[in-house]
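Scroll down for the structure; my scribbles are underneath it.
The values are calculated or read from the model by the stated rules, or taken from the named source; none is laboratory data. Computed from a prediction, not measured in an experiment: that's the story for all the values here. Cβ placement follows ideal geometry from the backbone for every residue including glycine, while neighbour counts extend to all protein chains displayed. Areas reflect the complete protein model, heavy atoms only, side chains present, ligands, DNA and RNA absent. Shrake-Rupley method; radii C 1.70, N 1.55, O 1.52, S 1.80 Å.
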Amino acid sequence: MLRQKNLTRTIRFLLQTAILTVILLPIRLMAITALVIMAWMLACVGLHGLSEDDLRRAPLRGWRRELKMVICWLMRIFFICGGFHNLKVKGRQADNKEAPILALAPHSSFFDALTVTYLGGPSIVAKAETSRLPFFGKLINYTQPVYVWRDDPNSRQNTVKEIIERATSKEDWPQVMIFPEGTCTNRSCLITFKSGAFYPGVPVQPVCIRYPNKLDTVTWTWEGPGALKLLWLTLTQLHSSCEIEFLPVYKPSEDEKLDPKLYANNVRRLMAENLGIPVSDYTYDDCRIISKAHQLHIPNASTIVEAHKLRFKLGLLKENTEEELVHKKCQRFPEIVDYYEFARLLRIDENNSASQLLFKIHDKHNRSLIDFEEYIFTVLAIANANTELDMVQVAFEVCSSNSSYTLNNLELRKALHLSLSLSEEESDKIFQQIQKEHNCSIVSHDMVLTVLSTRPDLQHLFSERSESKRKKSI
C-alpha cells in the first residue's frame, strides 16, 4: 500500500512538473529575467563613479542608499514571481545599533538570498568569486559586502578585521549579515559556526531560516542535485514557502567577549534548540573534504575527515610529510605495514595516542596491518586531485618505484584500482595493449591516458577534466 502511494505521488509530481514546465516556467523566467535586468541597471547607476575602495571606506548615503531599497523591493518581487508567495516572518529585526551583526542559519540553499532582500540589503559576508557573477555580482556589490578570498592565506584575518571595523564603527554602516556555518548543509543539524562574526564581541541577532515545503526543491549540498536542476524544480512548483524568524538579540557575556568560539557555540546551541535540530562538530573544512571525497568517488568520507584532524594534530599537514615521502622516495613503498613501520615512515611518535588512532582507523580488517600505499594515495588525492584523471596521476606517483613514475604490470594494477577501481583483468588488458604498441615492459602515465581515452565507458572522465580546466581559466 505504501509503495502504491509513493508511486502515485511520484507520477503526480512528474506530470505536474511536465505541465508547469510548458505553461508556467516560461512566464516565470521572463518575469524574473526582466526584474534582474531592471535591478542590475539600477545598481549600475547607484554604483557609478564608486570604486571598490570607496565601497569599503564609507557607507552609502543619500540617493544611493534610497536606491538600494528600491532594488530590494524589485528583488522581493523577483522571488514572488519565482513562486515564494508564502513568506512568514516571526519576531522583529533589530536595528544596527542594537545588533550590528545578523547570524543566519541553517544555510542550505542559494534561495537563502531571499533573506537579503527582506532584511533591506545588509552587508553580506561572501566568497569573493560571487562578485564576478553575471548581473548578480553587481547587486551583491551594492550591499557593500565583506568578501572572503579563500585562496589568500591572510583572508581570514582581513575578513575578521573588516567585520570588527564595521561592527564597532560610529558611522551608519548597514548590518553585517553572515552565515556562520560557512557552507550549505541539508538543515538536519547545525555544523560548527565560524568565529568571524563573534570576534567583535558585539551583540548579535540570531535569525533562523526554514523551508516548510512538502517537497524539498531548495536544498543545495554536495550530495544533491545541481543548481540548475533545483532552480527548474522550484520554478515548476505552484508555490514555495519560507519562514524567517528573528530571535532576541544575544548580548555576549564577558567570557564570551574574550572567547569568540565560546560565543559562537552558545549562539549555535540557542539556534539549534529553536530549530529543533542537533548540533554537529563538523566544520566548513570537514564539509569541503567530504564534498571532494564524494566528487572523486573516494569511499569512507567520514574516516578521511577524522584522519585529516589527526594528521593536523600530529603536524603531518604542516610538514606535508606524505607528499615529501612520495617525491623523495628512492624505492616503492612497502605495500603493507604494521604500526611501528607506519610511525617510522611518517616520523611520528609511536607512543602518541593520535598516532595510534590514525593507524587504527585505517586498519580495516583489525589485523594490525594497513595498506600504506592506499593511505598515502587517499591523502594526496584529497589534497591535490580535482578530477578522477588527476587521481590516476597521483596513483602513478604513489605506486611507482622510480623517479620517472613509470609502472610495471603489478604496479599498474594497484594504481588503476586505487584511482578508478578497475579490476586486475581490465588493467592487464590496458598493459598488454601498450606493450604491444610500444614494445615496452613499463608504461608511462601518458601511455595509459591514451588508452583510457579510447574506452567509451571512461569518456566522461576526459570531459570532466576539460570542464575543470575551463573553470580554472575563467
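Within the shell defined by Cβ-Cβ distances under 13 Å, the residues around H445 carry a net charge of -4, with Lys and Arg each +1 and Asp and Glu each -1. Computed from Cα atoms, the angle from the helix 409-420 axis to the main principal axis of the chain rounds to 10 degrees. Considering only DSSP beta bridges where both residues belong to the chain, give the percentage that are antiparallel (nearest 5). Roughly 30 percent of the beta bridges in the chain run antiparallel, per DSSP. In a DSSP loop and with at most 14 other Cβ atoms within 10 Å, the trypsin sites (Lys or Arg not before Pro) in region 209-273 are K214.
For the peptides 45-55, 170-180, 294-304, 194-204, the ranking by packing is 194-204, 170-180, 294-304, 45-55, with the highest mean count of neighbouring Cβ atoms within 10 Å listed first.
Where only DSSP H runs of four or more residues are counted, the chain gives -17000 deg cm²/dmol as its mean residue ellipticity at 222 nm, each run worth -39500 (n - 2.57). When peptides 274-286, 406-418 are ranked by their average number of other Cβ atoms within 10 Å per residue, the highest-first order is 406-418, 274-286.
Per residue, the average separation of C-alpha pairs within less than 8 Å and at least 6 apart gives the chain a relative contact order of 12 percent. Once all protein chains are placed together, R76 keeps about 50 Å² accessible to a 1.4 angstrom probe. Each label was represented as a point 7 Å from its Cα along the Cα-to-Cβ direction; for Q432 and R9 these points are 5.2 nm apart. Distance between the C-alpha centers of region 80-114 and region 191-268? Whole Å please. Cα centroid to Cα centroid, the span is 9 Å. Among the trypsin sites (Lys or Arg not before Pro) in region 352-395, those placed in a DSSP loop whose Cβ has at most 12 other Cβ atoms within 10 Å are K364, R367. Mind sorting out which of (i) 46, 29, 23; (ii) 101, 27, 19; (iii) 30, 28, 24 is the real semi-axes √(5λ) of the Cα gyration tensor in Å computed from the coordinates? Of the labelled values, this structure produces (i). Take the chain with all the other protein chains still there, run a 1.4 Å probe, and you get 53 Å² of accessible area per residue. Shown for region 23-107: the carbon plus sulfur share of the solvent-accessible area, taken with all protein chains present and a 1.4 angstrom probe, equals 66%. For region 87-160, chymotrypsin sites (Phe, Trp or Tyr not before Pro) are listed when DSSP marks them as loop and at most 16 other Cβ atoms sit within 10 Å of their Cβ; the list is F135, W149.
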